[in-house]
Structure formats: structure tokens, C-alpha cells
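Below is one structure, written out as C-alpha cells, with a few remarks after it.
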There are 2 protein chains.
Amino acid sequence: MMFESAELGHKIDKASYDQQVPALREALLTAQMDLAAAGKYPVIVIVAGLDGAGRGETVNLLNKWMDARFIRTHGMGEPSAEERERPMMWRFWRVLPPKGRIGLFLGSWYTWPILDRVAGRTKEAELEQTLEQTRRFEKMLTDEGVILVKFWLHLSKDKQKKRLKLLEENPATRWQVTDRDWKRYKQYDKFRAVHEQVIRQTSTAEAPWLIVEGHDPHYRVLTVGEILLNAIRKRLDEPETPPTELHAPLPMPPIDNLDILHTLDLTQTIPDEAFEAELEKYHGKLAELTRHRKFANLSVIVVFEGNDAAGKGGAIRRIVSALDARYYEIIPIAAPSEEERAQPYLWRFWRHIPGKGRLTIFDRSWYGRVLVERVEGFCSKLHWMRAYNEINDFEAQLTDNGVVLIKFWLAISKDEQLTRFQAREATGFKHFKITPEDWRNREKWDEYEHAVCDMVDRTSCDNAPWTLVEANDKNFARIKILKTLCKRIEKAMEME
Amino acid sequence: MMFESAELGHKIDKASYDQQVPALREALLTAQMDLAAAGKYPVIVIVAGLDGAGRGETVNLLNKWMDARFIRTHGMGEPSAEERERPMMWRFWRVLPPKGRIGLFLGSWYTWPILDRVAGRTKEAELEQTLEQTRRFEKMLTDEGVILVKFWLHLSKDKQKKRLKLLEENPATRWQVTDRDWKRYKQYDKFRAVHEQVIRQTSTAEAPWLIVEGHDPHYRVLTVGEILLNAIRKRLDEPETPPTELHAPLPMPPIDNLDILHTLDLTQTIPDEAFEAELEKYHGKLAELTRHRKFANLSVIVVFEGNDAAGKGGAIRRIVSALDARYYEIIPIAAPSEEERAQPYLWRFWRHIPGKGRLTIFDRSWYGRVLVERVEGFCSKLHWMRAYNEINDFEAQLTDNGVVLIKFWLAISKDEQLTRFQAREATGFKHFKITPEDWRNREKWDEYEHAVCDMVDRTSCDNAPWTLVEANDKNFARIKILKTLCKRIEKAMEME
């Protein structure tokens, strides 16, 4: 019944069509200019549906009608080699439109799950899981201000046959119809059942499917155009409402002041001679592991977070000195660029996800949201509380795709930090490393500590555990880090 | 790692405990009074976690500390016979606290899914599905203003053993420890893994889990008390924020004005003699079906919606005249009662879900939200757009539990409605059936029509399809309804 309204034989005659199009085009162009001028919302348009229902023509016409400078079309056919090496969603993240722009998706995150299910390559429960992830992904998009418009172009079985025949009869369009289309037509009922499930499970208040009958091009295009226009206009013209307040009970610091950071034994040290020997040992090991033929099938991501002056930079240098420069990358995370601010929060991290046989080190990371942004009030409670789930979902996508994800928290004591700050101020060439901001952060030591404990509690999972590193002694910290790295990579190779 | 912070050996000494308790108790009592006085939010407290972690003691103490008039405790052990006949969530819906009250849940919607998974009665994917439903259920609760506080009492393996031994050694508490507890202790690692999955998947921004180490009673109870106090106070003291605006693209009426209601052939009639014969036939059939031994395993729910004056009442009378009065119930849905207004929207329907061997007819239903409430603006766009999913989830729970759900929309033409309104006004004893409200609704005919089409598009699924009934001719409508009823019940019995 879900599709019944889109099987009624909707139609607009040519005269009314010709009469309505100019005004619609003008309104769409104006909306597009206003959208770009506002620079606040990206627009994602998904044009999904049945073969022969006019998806391609619809996208082409929208392109023709609108200003090409502010719109990009994504066919999203077979994934490239580069894309196949990464989680399925990576290819979509990399082409998300920035604020003020429109992205038209002919293929989408729905395409392959549907084809896989109809072909029997996946089971019902797997499809359901994928759709659930899709729901969360789209919720994140709309939470981040994306105007998400999902069109589903539908045809009755009878009309699909007619459309395919019509296209075949016309020499100008014959090439559009392939054997694959006829093969899929024979599976119409199967497709329809899967489509129903997809639509039912992913039509939400925030991202509803808009089902449009595809048979009559005039009706189809006018309907799509009107809905798109409305969606953009509505958002631009409606007053901004303040973000919702989160009323949920928040985690409290433990009433006895005992937390995981307090249980670390920060007095552990490794004397210099022992250190050199250990360093050589684990360097050798790491070099060997990363040159092993099995490493070519792995992606490794290492995340460094820690107190200011805990020695992240030094530790990172000790890792990479064992690596082949062609196969690793260090991503320092500072304030986001303009380009990055025009995208959902996780975009700037997704873009650096490595392919196979590569290792990427994040010097600070996506955890900024639940650390500095939380403590400094740069984002609302709702945002950082949501971030725990968004991060877990993100990391699960990585590790499900075979990424080895290693996360370090470098912990030093408050006293040790003071010593290091003072030393930096006293040493000319290290002076740049200490700023008034560091001193300000230090005043919020307890709040940061609480945020760190929450972070570890809420994001340390089997697939992506945190390793807490006692870093008062740099030797000790560096060896523990190298040891952990080797162990995790070795284990992943054994499971290969 | 998720539980690491709750395995540190948290402790509060007796002196500090004794010192802190009086102030906490007083603050909790005050919060409870303020909560009751405000009458705006229900509080649901879930106390879940490991055996021996002190769940029972915690609940007992909270009960002792607070005002018994405004708090109710729910053990939720084995379901009763009445509960077993209905969907799993029914037993929770029936005891949800109303606004201003607190419900303490010792067992919850988490208990059985965890036990089933650990015992291997369900697979990982099934647990995941259940947890996903839980997420949505809890989202609905918090969207409806519920203050949801979820405590997870945890113990390390070592501490669990110690606690059980300690309880056993003390003659006063020995009875608390059973063989089952020791059996479960042996499965500690299995439980822990499942618990991690549960917490990870159901800890959301709106309904986070609060993990508390259970070993030391002072620490445990003070922590639980403080968090609960905070959660209630925060909600009462924080200013109300306006509800979020829904920016999503909304479904539009079709631009060619062709909708499913227009495709109905309202001229269909059945002459009186033929009607009497058919009526007798289907009455006999229905009587036979509902007296069949297989009917004892079915629950049937029939929903009647339709235009004003479409003849719902008459049709319902024609059904029940074939039924045994002991086995059916008619639920007329009008404005909600005070008691019902103090609960989430679907509560007043859940309470009438029939047991096995019973048939319940709803004269109007939960669809009010996407019909009259939508058109008249009684609820926000966000609420009615969300309602489609909430209703689909609700109905899926019914049909998954073997309920036969039959939904009728009785459609008459605008002209026919006018004729019937005028006839009612002219006939003395029918005069009460026509009100100024009916005339007002009639003015919004087109908006209602659009809402009906959206409703059918978005809530007609294989498990719970809508049947549109051409009702200009009452004979025709009544026979179509009886026929559909018989067919659906017959089909369900065949599948038994």
C-alpha cells in the first residue's frame, strides 16, 4: 500500500507543464542564490527508486535548471579502488556538499544495500542493521543542519515494462535500456518488497522519503522541483529556533574523587640505558611488522590525546622514526579550517582515513568534542553527549572495515605539568610551545579530568580500547606506546 | 574498559555517610514534592546491573527515604498469564508513572533480553534488534517529557564473589543468595560481555546509562541518590525551552490533485434484499470463526476511522451483533481523560490491548494524532511527523505478538456528507449526532483528505494494511467490512 499513491497514473499535460516551468525555474534559482548567500545549510538531494522511473532525467533537468556553480551531481556507481579500501561511507563523506551548496546523489548509501539484499548476498537482519546505521547517519546530518531531501521515484510493474519498451523503441534512448534492466524488471516483486522495507525503516520525521510516481515526466519533474524548492525556502525563511536543551541526567564525577586517572602509577620510570635498548628492540619490531606482507592488508589509525605538555609530539616522533615515510601520515588537529567548518563535525577526520597498508597518526582527534569543546562550552551539552554515540558509530565503521584503531591518553600529574610549563617558558626555543591558553586550560584541570574519565568510560570498547599511558617519565611513556602499537598490529596480523 | 571506572573500589566511610544522608534525604523529599506540584514530568528510574550489586537494597532505601504516596516500585519478575498473552512491552506500559510521580523499576525492559542472550536463547542479531527497539521506546519517553534515569550497578568478578560470600555468611541475609546466583556468577564473563553491548547500544544523549560501583553500600546509595536528585532538580529548575521546529521537507498534496481517495468508486451499492442475504452469510461466518477453537489463540484489533458521518457506529453495531458479548469490547476514543493526559500519547491505547481469544474494536484510534491533531494544529509538525514511526513501531509490536490488526477508513463524498449532516439536523433523535465542530471540520475537507492519504501511504504495511471502504452506500460498506474481517481472521487461523 505504501506505493499505491504512486501508482495512480499521475499526469500533467504539456500545456500546464510549459506554463509552470518558468516560474519554478526562477524560484529554484533564487532559492539557490539565497542558500549560497546564507551559507548556513548544505542541501543533499537523493534521487532513488526503480530503474526506468526517470532518476537520471530528473537529475539532469535539475542540473539544467539550476546554477552549476553551486550544485554537484554524484553518480556513485561502482566504487573506485581507493574507495573499496575504506569503509563504505567514506565515498559519501568525501563528496558531502559544504554549507550553501547542493549535492545531487543519483546513487546513494541505499543503492548497494538494496542490490545486495535482492541478490541474496545479505540476509534480512543484515539489511536491517545497515538501515539502522543509515537512520543514525541521516539523523547526524539533519542535526548538523543539512537539508536532506530524499526522493523515491516509483513505477507500477506494468508502467515499468511500458517505460522500458518506450525507451527501447526510440533510437535516441535505446542505449539507456540494457539487459540488466530487463533482468531487474523480472525481479520487480522482490525489489518492491525490499523497497518497502527500506522506506519504512528509514522514513523518519527528520528525513522522510518523498515518493513520486515516475511515469509521466512532467508530473515527476514538477513534483520534485516543487518539493525541493519548498524544502530550501522553508528552511531559509523560517526563523531559527534555539537548539534544544538536553534535560538528561549527566554523568557526575565520583563522590569519593576516585577515578581511573588517579589509579595510574605515574612514578614508573625507565632509566636511559634500559630505554635505549628497549627503544631499539621495539623500533626493530615495528619496522619489521610494517614491512611484513600482511601489513599491506591493514590500515592502522593511532590517536594521541593527552594533557597539555604530556609529550604527544615526542612520542609521535619516536614512532615514525621506525617507519617508511611513504606509508604513514601525521595529521595534527587544530582549529578547523573554513572548509571544514562548512561540514559536519566528523568530516575533517573522515577525509584522512588511510587506505590499506598505511598508518595514520592523529595528533589530537575527534575527541576534541568531548574534551576541549565540552569543557570550554564551545558546543552544547546535547552536542557533546550525542558525540559519544556518533564517535562509537564512526569507530565501529572503521574497525568493521578492518582498521586497527589504537587510542592513547597520555597522562601526567598536575605538578609535572607545572614543571614542564615553567621549563618551556625558560627555554628560548621551546617558548613557542607554551601559550596563555595552556595556562587557562590548566585552571580547569578538574573539569578536564572528569571529561577524560567520561570519555574513556563511554568510548572504550573491545574494538577500539583506550590505552592510558603514564607519562611523567617520557622514557616509560614512549616504550609503553611502542609496545602497545606492536602488540596490536601483531594481533591484527595473526587474525588476517 | 566501559566498567573500569566502576571497579576501582569506590568507598565512602560511615562517618561521612552519616553526615551526608540527612541533607540528601531532605533534598530528595523536597524535589519529590516540587515534582508532584509541577505535575509536568513523570520520573522513571531503572536500577539494573549485576546480581549482588545491591539493586534491591538501593531500591528499598530510596523507598524509605522518599514519600511513599508519590513513588511506586515495580519488581517486574516473571510475567503473569495476562501479561504473557500480550506484547512484551504491555506490562511496562501499564505501570508507567503519570506526570508528577516516580516509578522505580527493579526489573525492566532490559532484564529478559539480557538473560535470553546469555542463556543462548537468542542470537546476537536478535538482541541488537531488541535494543534498537528499546532505543526508540526510550526516545519516545524522553520526547514526551519523561525524566529517565538509568542506573547500572556493577561489580568486578572478584567483588561479586566477595559480596555473595558475605551475604551467605550473615544469617540475616543468607536467604538472599540462591543457587541461581552462584550459577550466574560462573557466567560472569558472559554476562559482562552482553552487558557491555547493552550499555553501548542503549546509552544515548537523551537516556545515558549511569554506571555505579555496587560494592560499598555507602558509596552506591549516596551516588544514586545524588544523581537522582540532580536529574529531578535540573529539570524542574531549568527554564522550559520551546519545542524544536521540524525543518524537514513535508509531503505535499499531489500537484495533479489525484489521490487514492479520488480513485474509490463511491457509486457502488448493494440493494437491500441482496444485503440481507450477504449480511446473514457473513454474520454466520464471523460467528463461526470467533467460536472456532483456534480463535482462542488469536487477538483481533479492529480500527475504525473515517469521515464524519461515514457510518462508523452503524458498521460497528453490525459486527458485534454476530459476536459473543463476553469476548469483545468497543473502545470509543474521544478527548483523553485527565489520567490519560498524564501519560505518553500511546498509553491510552496500550491499556486496551486485548488478550488471547478476544476482539477489540477501536471507534477512532491512535491515528487521531496524524488526522485531527495534525489538521487542527493540536500538536506540532514534529509530533505528528514522528507519530508515523511511533505508530508503525507500536503496530509491529502488536502483530509480531500475533495480533490480527484490521484498519478501516470509511470514505464518503463531500456531497454525501452534506446530505447526511442535513438529515441529522432534521431528525429529532439524531440531532445530537451533529455539532458545530462537524461543520467546522467539513470546512477543512481538503486538508483532512491530504492527511488521510499521508496516513495510508505511511502506515499501510503488510502486517497492518489499511482497507479503504467506499461508504456512500451503507449496505456496501458494511458487507465490505464484514467480508474483510472474515477473510483476515480466516487467514490468521490458517497460519496458526
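The values are calculated or read from the model by the stated rules, or taken from the named source; none is laboratory data. All values derive from a computational prediction rather than experimental measurement. Using ideal geometry, Cβ is built from the backbone for each residue, glycine included, and neighbour counts are taken over all protein chains shown.
Numbers for the structure displayed
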read-out: Scope the stretch B:39-51; condition crowded, with 24+ Cβ neighbours inside 10 Å and over 13 Å from residue B:106 (Cα atoms); matching residues; value: B:43
read-out: Members of the stretch B:174-192 found to be exposed (fewer than 13 other Cβ atoms within 10 Å of the Cβ) and acidic (Asp, Glu), listed by number; value: B:179, B:189
read-out: Looking only at the stretch A:212-230, and only at residues there that are at the interface with chain B (Cβ under 7 Å from one of its Cβ atoms) and either β-branched (Val, Ile, Thr) or within 16 Å of residue A:132 (Cβ to Cβ) (or both), the one that is surrounded by the fewest Cβ atoms within 10 Å (Cβ to Cβ); value: A:227
read-out: Test: residue in the stretch B:246-265 that is outside the structural domain of residue B:481 (by TED's automatic domain parsing) and within 30 Å of residue B:30 (Cα to Cα); value: no
read-out: Failed condition for residue B:57, given (1) surrounded by 14 or more Cβ atoms within 10 Å (Cβ to Cβ); (2) touching a helix residue (DSSP H, G or I) at 6+ places or on another chain (Cβ under 8 Å); (3) within 13 Å of chain A (Cβ to nearest Cβ); value: (3)
read-out: Long-range neighbours under 6 Å by Cβ, at least six apart or interchain, first residue touching a residue at least 24 places away in the same chain (Cβ under 8 Å) within the stretch A:64-86, second of a type in the set (D, E, K, R) and surrounded by 11 or more Cβ atoms within 10 Å (Cβ to Cβ); value: A:65/A:25; A:70/A:101; A:85/A:356
read-out: So residue A:203, is it of a type in the set (Gly, Ala, Ser) and within 8 Å of chain B (Cβ to nearest Cβ); value: yes
read-out: Residue B:23 within 14 Å of chain A (Cβ to nearest Cβ), without any contact (Cβ under 8 Å) to a residue 12 or more places away in the chain and either part of a helix (DSSP H, G or I) or not polar (S, T, N, Q) (or both); value: yes
read-out: Given (1) within 14 Å of chain B (Cβ to nearest Cβ); (2) touching a strand residue (DSSP E or B) at 6+ places or on another chain (Cβ under 8 Å), index of the condition residue A:310 fails; value: (1)
read-out: Qualifying residue in the stretch B:222-233 (condition: in a helix (DSSP H, G or I), in contact with a Lys or Arg (Cβ under 6 Å, 6 or more places away or on another chain), of a type outside the set (A, V, I, L, M, F, W, C) and assigned by TED's automatic domain parsing to the domain that holds residue B:153); value: no
read-out: Residue identified as in contact (Cβ under 8 Å) with a residue 24 or more places away in the chain, at the interface with chain A (Cβ under 10 Å from one of its Cβ atoms), closer than 20 Å to residue B:257 by Cα and not charged (D, E, K, R) among B:375, B:456; value: B:456
read-out: Some residue of the stretch B:343-351 being at pLDDT 95 or above and touching a strand residue (DSSP E or B) at 6+ places or on another chain (Cβ under 6 Å); value: no
read-out: Residue ID - farthest from residue B:416 (Cα to Cα), chosen from residues in the stretch B:241-292 that are away from chain A (no Cβ under 14 Å) and assigned to a loop (DSSP other than H, G, I, E, B); value: B:292
read-out: Complete set of residues in the stretch A:26-37 that are in contact (Cβ under 8 Å) with a residue 60 or more places away in the chain and surrounded by 13 or more Cβ atoms within 10 Å (Cβ to Cβ); value: A:27, A:28, A:31, A:32, A:34, A:35, A:36
read-out: Qualifying residue in the stretch A:33-40 (condition: within 13 Å of chain B (Cβ to nearest Cβ) and either modelled with pLDDT of 95 or more or more than 19 Å from residue A:214 (Cα to Cα) (or both)); value: yes
read-out: Residue count for the stretch B:279-328, restricted to those that are among the acidic types (Asp, Glu) and loosely packed, with under 14 Cβ neighbours inside 10 Å; value: 3
read-out: Among residues of the stretch A:298-345, those that are under 22 Å from residue A:86 (Cβ atoms) and acidic (Asp, Glu), counted; value: 4
read-out: Test: residue in the stretch A:106-122 that is more than 30 Å from residue B:247 (Cα to Cα), without any contact (Cβ under 8 Å) to a residue 12 or more places away in the chain and either within 14 Å of chain B (Cβ to nearest Cβ) or hydroxyl-bearing (Ser, Thr, Tyr) (or both); value: yes
read-out: Selection within the stretch B:155-173 - surrounded by fewer than 11 Cβ atoms within 10 Å (Cβ to Cβ) and part of a helix (DSSP H, G or I); value: B:169
read-out: Residue B:126 within 17 Å of the chain's Cα centre (by Cα) and in a helix (DSSP H, G or I); value: no
read-out: Wholly enclosed helices (runs of 4 or more DSSP H) of the stretch A:368-484 bearing at least 3 residues crowded, with 20+ Cβ neighbours inside 10 Å and modelled with pLDDT of 90 or more; value: A:381-400, A:445-459
read-out: Tally, over the stretch B:1-15, of residues that are more than 7 Å from chain A (Cβ to nearest Cβ) and within 24 Å of residue A:406 (Cα to Cα); value: 3
read-out: Answer from B:139, B:150 - the residue that is closer than 30 Å to residue B:238 by Cα, in contact (Cβ under 8 Å) with a residue 12 or more places away in the chain and not in a helix (DSSP H, G or I); value: B:150
read-out: Filtered residues of the stretch A:231-240 (kept if of a type outside the set (A, V, I, L, M, F, W, C), at the interface with chain B (Cβ under 9 Å from one of its Cβ atoms) and closer than 30 Å to residue B:257 by Cα); value: A:234, A:235, A:238
